[in-house]
Structures are given as structure tokens and as C-alpha cells.
1. Please work out if Ser2 is over 16 Å from Arg113 (Cα atoms) and exposed (fewer than 15 other Cβ atoms within 10 Å of the Cβ).
2. Residue check, Leu121 against (1) over 18 Å from Arg29 (Cα atoms); (2) touching a Leu at 6+ places or on another chain (Cβ under 8 Å), all met but one. Which one?
3. So which pairs qualify, if the first residue must be in region 18-33 and touching a residue at least 40 places away in the same chain (Cβ under 8 Å), the second must be among the polar types (S, T, N, Q) and part of a loop (DSSP other than H, G, I, E, B), the Cβ gap must be under 7 Å, and the two must be at least 6 apart or on different chains?
4. If I go through region 175-189 residue by residue, how many of them are over 22 Å from the mean Cα position of the chain (by Cα) and within 21 Å of Leu217 (Cα to Cα)?
5. Would you check if there is a residue in region 65-82 being crowded, with 24+ Cβ neighbours inside 10 Å, over 15 Å from the mean Cα position of the chain (by Cα) and not hydroxyl-bearing (Ser, Thr, Tyr)?
6. Might you check whether a residue that is more than 25 Å from Glu55 (Cβ to Cβ) and part of a helix (DSSP H, G or I) occurs anywhere in region 123-133?
7. Tell me which helices (runs of 4 or more DSSP H) are completely within region 159-228 and hold 3 or more residues being crowded, with 18+ Cβ neighbours inside 10 Å, or say none if there are none.
8. Across region 14-68, what is the number of residues that are assigned to a loop (DSSP other than H, G, I, E, B), under 23 Å from Glu245 (Cα atoms) and not basic (Lys, Arg)?
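Derivation of every value follows stated rules applied to the coordinates shown; laboratory data play no part. Just so we're clear, the structure is a prediction, and the values are computed from it rather than from any experiment. Note that each Cβ is placed from the backbone with ideal geometry, even for glycine, and that neighbours are counted across all protein chains shown.
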Amino acid sequence: MSFHEINGLRYYSFEIFSDAVSQAIFTRRGGVSPAPWASLNLGGSVGDDPARVAENRTRVFEGMSRSPESIHDVWLIHSTDIVYADSPRPLAAPSLRADIIFTDNPAVTLFMRFGDCVPILFHDPVRKVIGIAHAGWLGTLRGVVGSAVRGMQEHYGCHPENIVAGIGPSIGVDHYEVGAEVIDPFRETYPQDADRIFQGNNGSTHLDLWASNALQLKRAGVGQAQVSGVCTACHLDDWFSHRAEKGKTGRFGALMALRG
């Protein structure tokens with residue numbers, strides 16, 4: 001991944017995706033929100049003024065040369081549910097509840113918000129399909145990656161070996177201490193992965209969401225994957241982190257669209 005800046009906005013993009021895709025994961029810089037949401041808060045349910053959130057969203061879309069009216073987003077629920085976005089979501093319509101969203105329509109801009117959970121971006125350059133998934137610990141446990149790849153196969157006729165995926169900035173293993181309520185179900189569901197996704201540190205146990213989702217991408221047959229390796233909690237100058245900021249923070253956004 002690499003930094004880019006445009007119109008005062010700072011964002012990361014994956015090198016693994018082709019120029020057929022416009023894609024960005026925006027840092028917290030370049031917006032209008034005050035503390036504790038300073039400054040490019042894109043989350044509408046964290047206490048910030050909706051007018052400021054709307055202005056931040058407009059800045060993001062216009063910075064990527066996308067119309068704000070092209071948005072299709074979802075209300076995140078830590079599920080494996082999928083929305084297939086054939087057209088933009090009318091701005092007055094409520095967002096559907098899901099944690100995976102796909103489109104093959106260049107008129108649609110996919111958009112999703114994060115605050116420690118893992119953004120996973122997908123592209124099939126053969127079938128010309130893109131998607132974004134939201135993988136917190138619960139979504140990772142439930143197999144968001146496998147559901148996403150199956151959805152691409154069943155709905156669009158994608159072949160996993162053609163799919164390219166990027167695992168974006170999220171909380172890193174060093175900052176993600178977990179307890180038995182997380183450890184036990186992961187060990188039960190993925191017993192073969194326990195040594196690779198858990199790390200012990202002075203009597204505590206930490207979960208590696210990047211490793212877990214990368215393993216799931218590999219098992220699903222995804223042809224290429226890139227892990228950003230960027231920890232939100234380590235870099236609060238760039239990222240909102242729900243855990244590091246004790247819940248008093250904003251949400252950063254991931255945007256993806258097919259170039260027409």
C-alpha cells in the first residue's frame with residue numbers, strides 16, 4: 001500500500017489492483033469534524049453532527065471524482081450477509097443491513113466505514129466485479145471471506161483464482177488482546193489455525209485478524225492477496241481506532257468503484 005494526497009485528503013491504496021478500479025481507504029485527515037472525531041469522520045452513528053459527516057463524505061467522493069449520489073453502502077451488523085448493488089442507493093433510502101457488498105456496475109460507488117475492523121477489498125478483473133467486506137472478530141469467526149467468495153461465484157460466475165483481494169488497515173495483533181469469549185470459538189471453529197492466529201504475550205492472548213483472514217482467502221482459492229500490515233491503533237495520527245481511543249472516535253471510509 002502507499003499514501004496519496006488529493007484536495008487535502010490523505011488515503012491509502014493497494015498496488016495489487018489494476019487501473020480498472022478506483023480504490024481508496026481514507027485516513028482521518030482532511031475533514032471538518034472537531035475532536036473527538038477529528039477530522040474526516042465518515043461515521044453517522046458516533047455522535048458527530050450529520051451535516052459535518054455529509055460534508056466529509058462529499059469531500060471523499062469528489063476527491064475520487066465520484067458523484068456522492070453514486071453511493072451504495074450498508075449498515076454493518078457483524079454478519080456474513082451480502083448486498084448486490086445493481087444501482088446506487090437513493091440517498092433518502094435506508095441502508096440495508098449487511099457486511100459484504102458487491103457490484104458490477106461502474107455507476108455504483110461502494111462505500112463502507114471502519115474503526116478497527118478489517119476492510120477487505122475484492123476485484124475480479126475477468127468478470128469485472130468489485131466488493132468490500134467488513135471483518136471484525138465476529139465476522140472473521142463467521143467466515144466473511146468464504147461467504148464473499150461464494151457470493152462472487154454464485155452471483156457473478158467468478159472463479160476464485162481470478163479474484164484479487166486486499167486486507168486493509170485495522171487493529172494489529174500487538175494491540176488486540178482477547179479473552180476466552182473470542183479464543184474458545186476460534187479454536188473450536190479453526191483448530192488448525194490456532195498457532196498462526198493467536199500470539200501469547202506475558203500471560204495475555206492476542207488475535208491476528210490479518211493472518212486469520214489471509215488464511216481464509218487462501219482456503220477460498222483467491223488467486224492474489226495483499227495485506228497492508230497497517231495497525232490503526234499504532235497510528236492515531238492517520239486512523240480512527242475504537243479500541244485505542246476507548247470508543248470516543250470516528251470512522252474512516254473505504255471506497256471502491258469500477259472505472260467506466
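1. On the way: over 16 Å from Arg113 (Cα atoms): yes; exposed (fewer than 15 other Cβ atoms within 10 Å of the Cβ): yes.
In short, yes.
2. Exception for Leu121: condition (2).
3. So the pair list comes out as Arg28/Ser39; Arg29/Ser39; Ser33/Ser39; Ser33/Asn41.
4. Taking region 175-189 and keeping what is over 22 Å from the mean Cα position of the chain (by Cα), we get 179-181, 183-185, 187-189.
Add one more test, that the residue is within 21 Å of Leu217 (Cα to Cα), and what stays is 183, 185, 187-189.
Going through region 175-189 one residue at a time, the tally reaches 5.
5. No - not one qualifying residue is present in region 65-82.
6. No: zero hits.
7. Passing ranges, in order: 209-219.
8. From region 14-68, those assigned to a loop (DSSP other than H, G, I, E, B) are 14-20, 27-49, 64-67; that's our starting set.
Imposing the further condition that a residue be under 23 Å from Glu245 (Cα atoms) reduces the set to 27-49.
This time we only want the ones that are not basic (Lys, Arg), so: 27, 30-49.
Residues that pass the stated criteria total 21.
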